[in-house]
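Quick one: structure below, then a few questions.
The values are calculated or read from the model by the stated rules, or taken from the named source; none is laboratory data. The structure presented is a predicted model; accordingly, all values stated were derived computationally and were not measured. Backbone-built Cβ (ideal geometry, glycine too); neighbour counts: all protein chains shown.
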Amino acid sequence: MPKLGVNIDHIATLREARKEGFPSPVEAAMLCVSSGADSIVAHLREDRRHIQDKDIFEIRKAVKRFDMEMSATAEMQNIALKVKPDIVTLVPEKRQEVTTEGGLDAAKQLKYLSKYIKRLQDKDIDVSLFIDPQNKQVVAAARSGARFIEIHTGAYANAKGSYSKAREFQKIKRAVALARKKGLKVNAGHGLDLSNARRIASIKGIEEFNIGFSIIVDSLFVGIEKAVKRMKKEIS
């Protein structure tokens, strides 16, 4: 049965809108876990637009399994080595983007990423690469030494029309199969919600779905506990 990781970045986005010190991402994380979330995900961006350094350390103490999303910079690596998350997910990052717009180009950065990953995994921190469902990126991820990939499902989520949707679905399905053949563990996420997560969850071999925005939006109307439970049911 696939696991559910809940990204709580947008709790921090709401807090930072007023700088009032609340709502608490840590409190949200604990509610998600008590409602069935298997892990908590938070992205410490270079510009600190939502999650802050303090949040990362507090979340690490509060939950059993923590996935820290971050860019592959020296600053973030040093923070991760202090925080000791269970897993680090390396993502591309642009200052001007609203949310992550695509996967990491692991093929282009293979030499750099291999050394970067080794330093983290030597300290017992698993590493996942957030990549588009492309063969060359899956192969590069396997060569990098990473133990996980997270397949970027945004193109599937945003596809219009049955043909485009089916095409993007097949890309993900093929990427999962190739990754498993290469010995990689596979997660997936981005743009998934109650209308499309079940279809992706039908693909065999995906271990965990990392979903944030749609759960937090749903929680505005039904509460975090019910929002987490509804998504957990969709992917099960």
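Could you run through the range 53-68 and say how many residues are more than 15 Å from LEU31 (Cβ to Cβ) and either modelled with pLDDT under 95 or assigned to a loop (DSSP other than H, G, I, E, B) (or both)?
1
Moving to a separate point now. Within the range 184-207, track down each residue that is touching a residue at least 40 places away in the same chain (Cβ under 8 Å), under 19 Å from LEU104 (Cβ atoms) and among the small types (Gly, Ala, Ser).
Residue satisfying the conditions is GLY189 alone.
Of the residues SER128, SER114, which is closer than 20 Å to GLY205 by Cβ, in contact (Cβ under 8 Å) with a residue 12 or more places away in the chain and either of a type in the set (Gly, Ala, Ser) or assigned to a loop (DSSP other than H, G, I, E, B) (or both)?
SER128
Taking the residues in the range 119-136 that are surrounded by fewer than 23 Cβ atoms within 10 Å (Cβ to Cβ) and in contact with a helix residue (DSSP H, G or I) (Cβ under 9 Å, 6 or more places away or on another chain) as candidates, determine which candidate is nearest to PHE209 (Cα to Cα).
ASP132
Hey, another quick one. Of the numbered conditions (1) surrounded by fewer than 24 Cβ atoms within 10 Å (Cβ to Cβ); (2) within 24 Å of PRO85 (Cα to Cα); (3) touching a His at 6+ places or on another chain (Cβ under 8 Å), PHE148 satisfies every one except a single condition; which is it?
Single failed check for PHE148: (3).
Checking the conditions here, which among ALA42, ALA29, ALA37 is closer than 28 Å to ALA227 by Cα, part of a strand (DSSP E or B) and touching a residue at least 12 places away in the same chain (Cβ under 8 Å)?
One residue alone meets the criteria, ALA42.
Follow-up question, since we're still on this one. Filter the range 93-118 down to the residues that are of a type outside the set (A, V, I, L, M, F, W, C), buried (at least 18 other Cβ atoms within 10 Å of the Cβ) and at pLDDT 95 or above and list them by number. Please lay out each step first, then the result.
Of the residues in the range 93-118, the ones of a type outside the set (A, V, I, L, M, F, W, C) are 93-97, 99-103, 105, 108-109, 111-112, 114-116, 118.
Okay, now just the ones that are also buried (at least 18 other Cβ atoms within 10 Å of the Cβ), so 93, 100, 103, 116.
Residue satisfying the conditions is TYR116 alone.
Quick check on this structure: which one of ALA140, ALA188, ALA157, ALA175 is among the hydrophobic types (A, V, I, L, M, F, W, C), crowded, with 22+ Cβ neighbours inside 10 Å, within 18 Å of the chain's Cα centre (by Cα) and not in a strand (DSSP E or B)?
None of the other options fit; the residue is ALA175.
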